[in-house]
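This report concerns only the one structure given below.
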């Protein structure tokens with residue numbers, strides 16, 4: 001067994017309305033059944049007319065670009081400086097929604113194909129119809145990734161093979177069952193194709209030969225199975241954005257006690273974590289109240305016992321009217337909401353006890 | 001130009017102390033100058049004795065595994081259920097620090113090589129010395145990634161070529177300068193190698209031929225240049241972990257005004273965001289105080305003017321002593337710290353105004 005990765009030279013510039021099947025079939029009359037075509041998404045976008053006009057430079061260009069980015073974005077995932085990592089309507093998470101200004105006139109931007117799996121299916125069908133060859137088509141694009149420098153090519157769309165090779169349930173020679181090994185082989189094929197495309201100028205198509213003998217009779221489920229739903233993803237938001245979400249949640253923290261007693265160690269940790277920022281002398285003491293509810297008594301030395309506050313951590317009795325302490329808590333809520341927007345603040349002046357003798 | 005991806009069959013089981021250069025040189029006497037060897041990290045680890053003994057099953061196995069994971073971890077990045085995404089001492093972010101229980105006896109776990117770049121250099125040097133062949137060596141492993149299902153192989157170590165192919169500064173045929181195109185080609189080579197290794201049973205080495213004609217005279221900087229420093233990474237923490245960090249930061253929010261006046265629109269948004277959770281009737285009004293500092297006055301209808309509180313958002317005067325409002329704020333800080341640990345809470349009972357006439 002061996003694989004070959006072959007370039008497809010001679011495709012030239014692609015413009016709206018071009019028939020990619022003819023361009024590829026003419027440039028690569030040597031295509032065989034089972035070949036895997038890795039096609040750069042940009043030529044698919046160009047052929048499909050996924051281009052928008054923008055000013056060649058100046059502030060108008062940036063404004064037009066921002067507007068296009070917004071229309072291609074369903075969710076902002078992370079931002080820093082001018083970088084925007086967003087989720088596209090296809091579900092892909094990528095910088096600038098994959099909008100590209102390279103290898104195109106200065107007055108145009110290239111958007112991702114509308115439906116890359118459909119583009120792959122259409123190209124596969126056209127190649128079969130016109131040239132009688134049964135190939136796999138992968139539509140590829142270049143993406144960055146967290147934690148590792150440098151970009152790699154991955155698959156946006158595929159027709160003719162499964163996106164994932166599933167080893168789950170297999171047993172290794174030592175008798176261990178393989179539990180996690182689902183390989184994103186179409187991404188690896190896209191990366192392999194880039195090795196030759198990237199070394200040549202203007203080489204938007206590569207062919208990988210030897211990986212498959214027979215493509216799927218149908219087109220398969222496409223590359224959309226590679227999209228992990230945000231609810232399942234441990235990294236659905238950028239760190240700064242998630243931290244701001246934590247601030248925002250803290251600002252709107254509802255008065256809602258839990259239904260089960262909390263872990264005493266976690267309560268101790270929480271008290272310790274604020275020890276340095278609360279007013280000197282303030283003491284939070286874990287107690288069980290007279291109805292056996294887990295609670296914390298907050299006290300300040302020298303204050304009357306009536307001024308202590310009970311923080312309930314497990315099931316409630318009705319909440320009483322709030323006044324001064326609630327006021328202080330509300331001010332802290334506002335300060336947290338300000339901090340979520342990077343606005344530092346402080347309380348000043350604090351009313352004197354005399355002023356507060358309502 | 002064409003690339004070939006060739007398997008290296010016949011390496012067999014690797015055990016501690018095995019000489020990988022001899023195993024590979026014997027199995028692939030056809031190696032040529034410029035070939036890129038993609039070597040699965042597991043056989044490197046085994047040859048280098050990076051194995052630890054663990055019980056074959058039961059709770060002791062889990063405990064031993066947890067202890068080993070802790071010793072291989074420099075930073076917890078994200079956790080959900082039993083999944084731990086961690087940063088290793090090499091800087092790689094991966095599940096379980098790359099510790100692997102597959103393709104090894106049930107009583108052993110395989111750790112990552114101590115220094116995969118050094119392993120690659122040593123193997124390259126040994127192949128040159130014994131067989132007179134000048135190859136590139138990539139040590140590869142399988143990793144998951146955010147946002148996309150399925151795993152791919154990437155490079156942990158490399159000797160003989162640069163990890164990244166840098167297109168920055170190049171100009172495309174349309175005159176656009178390429179600004180972001182640094183390709184992680186060793187990751188793409190690792191992925192390409194996996195295509196053939198994964199299709200064959202027990203195939204830990206693949207050769208990619210045709211990508212290079214001449215390796216670097218030296219070994220290059222290694223795969224460590226692929227490690228992005230956490231401070232530069234928009235996804236340095238899991239979403240849940242970053243959100244908890246936001247809660248924790250809210251709990252310990254210092255009394256520290258900013259040095260520049262805040263954006264009035266952001267202040268309005270902050271006020272609006274807490275409108276539903278503050279005590280009914282409380283009003284936060286943006287003002288400029290008598291020293292021209294941006295500020296907010298917090299008032300409750302019916303309270304005396306002295307009971308209003310000023311939240312300063314830009315440069316300070318000395319902070320006065322805090323009493324009741326500060327007390328309320330401190331209680332809210334504690335509740336935020338509890339919430340950061342998933343402990344809901346409420347204030348109860350609130351002292352009456354009479355009790356607070358100190």
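Let me confirm something: among A:100, A:35, which residue is buried (at least 16 other Cβ atoms within 10 Å of the Cβ), under 30 Å from residue B:145 (Cα atoms) and at pLDDT below 95? Of the residues listed, the single one that is buried (at least 16 other Cβ atoms within 10 Å of the Cβ), under 30 Å from residue B:145 (Cα atoms) and at pLDDT below 95 is A:100. In segment B:59-97, the qualifying residues are those that are surrounded by 15 or more Cβ atoms within 10 Å (Cβ to Cβ) and touching a residue at least 60 places away in the same chain (Cβ under 8 Å), and the one that is nearest to the other protein chains (Cβ to nearest Cβ) is B:78.
Quick grid of which residues meet (1) within 26 Å of residue B:114 (Cα to Cα); (2) surrounded by fewer than 18 Cβ atoms within 10 Å (Cβ to Cβ):
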site	(1), (2)
B:148	no, no
B:163	yes, no
B:177	no, yes
B:207	yes, no
B:210	no, no
B:214	no, yes
B:231	yes, yes
B:244	no, no
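Residue B:62 falls short on exactly one of the conditions (1) touching a strand residue (DSSP E or B) at 6+ places or on another chain (Cβ under 8 Å); (2) over 27 Å from residue B:157 (Cβ atoms), and that condition is (1). Looking at this structure, is residue A:192 farther than 17 Å from residue A:41 by Cα, crowded, with 16+ Cβ neighbours inside 10 Å and at the interface with another protein chain (Cβ under 7 Å from one of its Cβ atoms)? The answer is no for residue A:192. Candidates are the residues of segment A:171-180 that are more than 7 Å from chain B (Cβ to nearest Cβ) and touching a strand residue (DSSP E or B) at 6+ places or on another chain (Cβ under 9 Å); the one that is modelled with the lowest pLDDT is A:180. Checked against the criterion of being under 23 Å from the mean Cα position of the chain (by Cα) and under 30 Å from residue B:229 (Cβ atoms), the candidates A:163, A:78 yield just one match: A:78.
Return the residues of segment B:10-46 that are within 14 Å of chain A (Cβ to nearest Cβ) and in contact with a helix residue (DSSP H, G or I) (Cβ under 7 Å, 6 or more places away or on another chain); say none if nothing qualifies.
As a first pass, look at segment B:10-46 and keep what is within 14 Å of chain A (Cβ to nearest Cβ): B:10-15, B:28, B:30, B:34-36, B:38, B:40, B:42-43, B:46.
Hits for segment B:10-46 are B:10, B:11, B:14, B:15, B:36, B:38, B:40, B:43.
For segment A:282-291, the count of residues that are modelled with pLDDT under 85, buried (at least 19 other Cβ atoms within 10 Å of the Cβ) and over 29 Å from residue B:81 (Cα atoms) is at least one.
Report yes if residue A:159 is in contact with a helix residue (DSSP H, G or I) (Cβ under 8 Å, 6 or more places away or on another chain) and either within 23 Å of residue B:188 (Cβ to Cβ) or in contact (Cβ under 8 Å) with a residue 12 or more places away in the chain (or both), otherwise no. For residue A:159, the condition - in contact with a helix residue (DSSP H, G or I) (Cβ under 8 Å, 6 or more places away or on another chain) and either within 23 Å of residue B:188 (Cβ to Cβ) or in contact (Cβ under 8 Å) with a residue 12 or more places away in the chain (or both) - is met. If you go through segment B:227-259 and keep only what is outside any loop (DSSP other than H, G, I, E, B), touching a helix residue (DSSP H, G or I) at 6+ places or on another chain (Cβ under 7 Å) and modelled with pLDDT of 85 or more, you end up with B:239, B:242, B:243, B:244, B:245, B:246.
Restricting A:154, A:186, A:133 to residues that are in contact (Cβ under 8 Å) with a residue 12 or more places away in the chain, within 12 Å of another protein chain (Cβ to nearest Cβ) and either under 21 Å from residue B:98 (Cα atoms) or not in a strand (DSSP E or B) (or both) narrows the list to A:186.
The values are calculated or read from the model by the stated rules, or taken from the named source; none is laboratory data. On a predicted model such as this, the values are computed, not experimentally measured, just so you know. Every residue, glycine among them, receives a Cβ derived from its backbone with ideal geometry; neighbour counts consider all protein chains shown.
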